[in-house]
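First up is the structure itself, then whatever we jot down about it.
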Amino acid sequence: MATVLVTGGNGYIGSHTVISLFESGYDVVIADNLANSKMEVQKRLKTICGRDFKFYKVDCCDEKALSVVFEENRIDSVIHFAGLKAVGESVRIPLDYYSNNIGSAITVCKLMKKYGVKNLVFSSSATVYGMSEDVPFTEESPVGICTNPYGWTKWMIEQILRDFAVSEPSMKICLLRYFNPVGAHESGLIGEDPRGIPNNLFPYISKVAGGTLEKLTVFGDDYDTPDGTCLRDYIHVVDLAEGHVKAIQYLDSHDAGVCLFNLGTGKGTSVKEAIAAFEKACGHPINHVFGDRRPGDIAVCYASTEKAEKDLGFKARYNIDDMCSSCWKWQTMNPEGLADD
Ligand code: WQD
């Protein structure tokens, strides 16, 4: 059985990916420093999968500590999620973002080289497309016009990985650019569990629907879009997780080098449409007001899915109603999120 090391595997996307990997017949080892997740996730994964996964509490910037994972396990592939990922926070503490996100990626690459692990999937983001208006974004759309340090770290790491692949011709690296991951596992046992007040739309709407936040402010309804609110490509986190399994399988069956895929649905949903869909899921109105635009937001962002469908065999299965209903189940089952460690 092939073994995949999932760094950041205790986090939102990482934990859902652990389940998809397990269900696809892979063994999984998790490395996570618990900076943005709780150990309760491991208990929930055991309930869902019926087994424990080897877990290492480790900072992926710590080469000595992370090397233990490679010493103690025969790793066939790595999926590197570990990193800081809040856009607004990255503007406030950019040095932490650059040192942590870039440092952890470099450390993972150094250890993969040392231990002869060739297959790497990297968690990148549609944020690298920045303020471009070239929608739908294809993998060839202009990048590197990022609007925040978080996005710049993703863009820089993509470049570092390309250079690493040139220096190590046997490496196989897949860059996955996510659009907007939302929703939760069908069990309602794991889901997006941000610390404090959520920055992103769906966890915020979910808490308003659940009564733990008073109202949603819609950041601008004067955009050049059909209903005046921004369009985004929301993709169910379980679809995203399955896209990672496809990427691992793609690397297993293709030659060395770097490949790049968007993971989205190819459909733009407005904020107003998202609110309406969530109201349908929860059965009551979502209290919301309209406020000023949020600096750095672009009006329209959604993926061209052609390349992922053709080359990766990936197509998102879930629609916005599935995303909302799964999000609502997670919210009602875990109104205060998971218990602290
Ligand atoms: C979506 C829309 C807001 C909150 C970010 C990152 C991206 C990815 C996903 C990691 C926008 C509006 C939001 C609120 C609102 N993360 N909104 N009121 O900004 O598209 O993408 O998260 O990879 O990299 O950039 O997501 O959910 O913050 O915003 O009106 O309280 O909802 O203006 O139009 P975003 P978001």
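Each reported figure results from applying straightforward, stated rules to the coordinates on display, with no laboratory input. For clarity, every value in this text was computed on a predicted model and none was experimentally measured. Neighbour counts run over all protein chains shown; Cβ positions are idealised from the backbone, glycine included.
Would you mind ranking Met171, Met323, Met1, Met156 by Cβ crowding within 10 Å, fewest neighbours first?
Numbers: Met171 21, Met323 28, Met1 6, Met156 18.
Fewest to most other Cβ atoms nearby, the residues stand as Met1, Met156, Met171, Met323.
Using a simple charge model, +1 on the beta-carbon of Lys and Arg, -1 on the beta-carbon of Asp and Glu, nothing else, what dipole does the stretch 181-273 show about its Cα centre, in debye to the nearest 20?
220
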- Task: Can you check what the net charge comes to around Cys230, using other residues whose Cβ is under 15 Å from the Cβ of Cys230 (Lys, Arg +1; Asp, Glu -1)?
- Result: -4
- Message: With unit charges on the beta carbons (Lys and Arg positive, Asp and Glu negative) and the dipole taken about the Cα centre of the chain, which residue among Met131, Val29, Ile145 sits farthest to the positive side?
- Response: Val29
- Going through the stretch 1-94, which trypsin sites (Lys or Arg not before Pro) have at most 16 other Cβ atoms within 10 Å and a DSSP loop state? Arg51, Arg74
- Quick one: grab the alpha carbon gyration tensor of the stretch 282-325, order the square roots of its eigenvalues as a ≥ b ≥ c, and give me rounded if a/c is under 1.5, else prolate or oblate depending on whether a/b is larger than b/c. oblate
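Using 0.36 nm times the number of residues separating Asp297 and Lys43, minus their current alpha carbon distance, what extension gain do you get? Intermediate results must be reported in sequence, preceding the final value.
Working: separation 254, 0.36 × 254 = 91.44 nm, distance 3.68 nm.
Roughly 87.8 nm would be gained on extension.
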- Using only the Cα atoms of the stretch 1-127, build the gyration tensor, take square roots of its eigenvalues as a ≥ b ≥ c, and label the shape rounded, prolate or oblate: rounded if a/c is under 1.5, else prolate if a/b is larger than b/c, else oblate. oblate
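In nm, what is the difference between 0.36 nm times the number of residues separating Asp134 and Ser253 and their Cα-Cα distance? All intermediate terms of the calculation are to be shown ahead of the outcome.
Working: separation 119, 0.36 × 119 = 42.84 nm, distance 3.17 nm.
Full extension from Asp134 to Ser253 adds 39.7 nm.
Is any helix in the chain, taking whole DSSP H runs, at least 15 angstrom long along its axis by alpha carbon and on average at least 0.5 on the Kyte-Doolittle scale, and which ones?
Details: long enough: 12-23 (17 Å, 0.76); 103-115 (18 Å, 0.29); 149-167 (27 Å, -0.11); 237-252 (23 Å, 0.34); 271-282 (16 Å, 0.53); 320-333 (20 Å, -0.37).
Counting only whole DSSP H runs, the qualifying helices are 12-23, 271-282.
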- Per the charge dipole of the chain (beta-carbon charges, Lys/Arg positive, Asp/Glu negative, Cα centre), the residue among Gly83, Phe53, Ala339 reaching farthest to the positive end is Phe53
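Assign unit charges at the C-beta atoms only (+1 for Lys and Arg, -1 for Asp and Glu), then state the dipole size of the chain relative to its Cα centre in Debye, rounded to the nearest 20.
Details: 34 positive and 45 negative charges, 123 e Å.
Magnitude of the dipole: close to 600 debye.
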- Query: Are there GluC sites (Glu not before Pro) in the stretch 243-341 that DSSP marks as loop and that have at most 14 other Cβ atoms within 10 Å, and which are they?
  - Reply: Glu336
- Taking the simple approach of a point 7 Å from Cα along Cα-to-Cβ for both Ser99 and Val289, what is their distance in nm? 3.9
- Task: Considering the options Thr3, Asn199, Tyr318, tell which one lies farthest towards the positive end of the dipole of the chain, charges being +1 on Lys and Arg and -1 on Asp and Glu at the Cβ, about the Cα centre.
- Result: Thr3
- Message: Is there a quick way to get the dipole size of the stretch 77-181? I mean about its Cα centre, with the Cβ of Lys and Arg at +1 and of Asp and Glu at -1; what is the value in debye to the nearest 20?
- Response: 520
- Query: In the stretch 176-261, what GluC sites (Glu not before Pro) fall in a loop by DSSP, with at most 16 other Cβ atoms inside 10 Å?
  - Reply: Glu186, Glu214
- Query: Rounded if a/c is under 1.5, else prolate if a/b beats b/c, else oblate: with a ≥ b ≥ c from the C-alpha gyration tensor eigenvalues square-rooted, which is the chain?
  - Reply: prolate
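For the pairs Lys57/Lys307; Lys85/Lys246; Lys207/Lys307; Lys57/Lys207; Lys172/Lys329, flag any whose C-alpha to C-alpha distance is greater than 32 Å. Numbers along the way, then the final one.
Working: Lys57/Lys307 36 Å; Lys85/Lys246 23 Å; Lys207/Lys307 35 Å; Lys57/Lys207 29 Å; Lys172/Lys329 38 Å.
Going by Cα-Cα distance, Lys57/Lys307; Lys207/Lys307; Lys172/Lys329 fall outside the 32 Å limit.
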